[in-house]
Amino acid sequence: MDELSEFPFLTRAEFLRCIDHFEEQFGSLIEIRRDIHKHQQFVRIYQPLFSPDTSNSDVQIDEIENVEDFDPVEALADDVPAATRTVCGQVEYHVVYSASWRVPVLYMRVVLSEPSRVVLDAEQVTNLLVADQQVRGAIKAVEFGGALGIQDHPVLNEPFVYLHPCHTATLLRAVGVTIDAKNYMSAWLSLTGSAVGLTLPLFMKQL
């Protein structure tokens, strides 16, 4: 076992070990990229964003002239079968270490391919990624103004939606076992990512 010194908290060095293990285990299964920027490392996970097939509709996404009138939530209907959907953009999930909270923090943004690579705002991201109304209500009820907020990415200095880490330690302790560095990242993403649309059904099977 690659034990951690003070589970569920991490040192920066332990965070790097955790993401090393994560990439070794799952790098061939999902699109992951490690970034080194300003001497800080973080992980990007990419997930395609699907829209209904609009080939037979009267209005095509790439024909929309006024971006401000475009409602991506209506365009990305959840009840449309996956087989009839096409990729219309991507969700970026960034895993960044927080020295203050001593845990990973999940940052995210949604980028539409059309029109003109629109980056959605915080409310649109929440509406797209948090489909369950009960989960959405629970997220808004968390202290600090809700579990989902918006702030500058600590490495890239660009606005991102982020999942507040205030309950991360509690969630990890609730697993009931001490998790080592090999399984820390997959356990954490299984617990937190599912609330914001990150599909990780295979991770917890590895624990």
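Please treat every number below as a calculation from the coordinates, not as lab data. As the structure is a prediction and not an experimental result, all values here were calculated from the model. Neighbour counts are summed over all protein chains in view; Cβ atoms, including those assigned to glycine, are modelled from backbone coordinates with ideal geometry.
Modelled label positions at PHE9 and VAL111, each set 7 Å beyond Cα in the direction of Cβ, lie 3.6 nm from each other.
Modelled spin labels at LEU171 and HIS37, positioned 7 Å past Cα toward Cβ, are 2.2 nm from each other.
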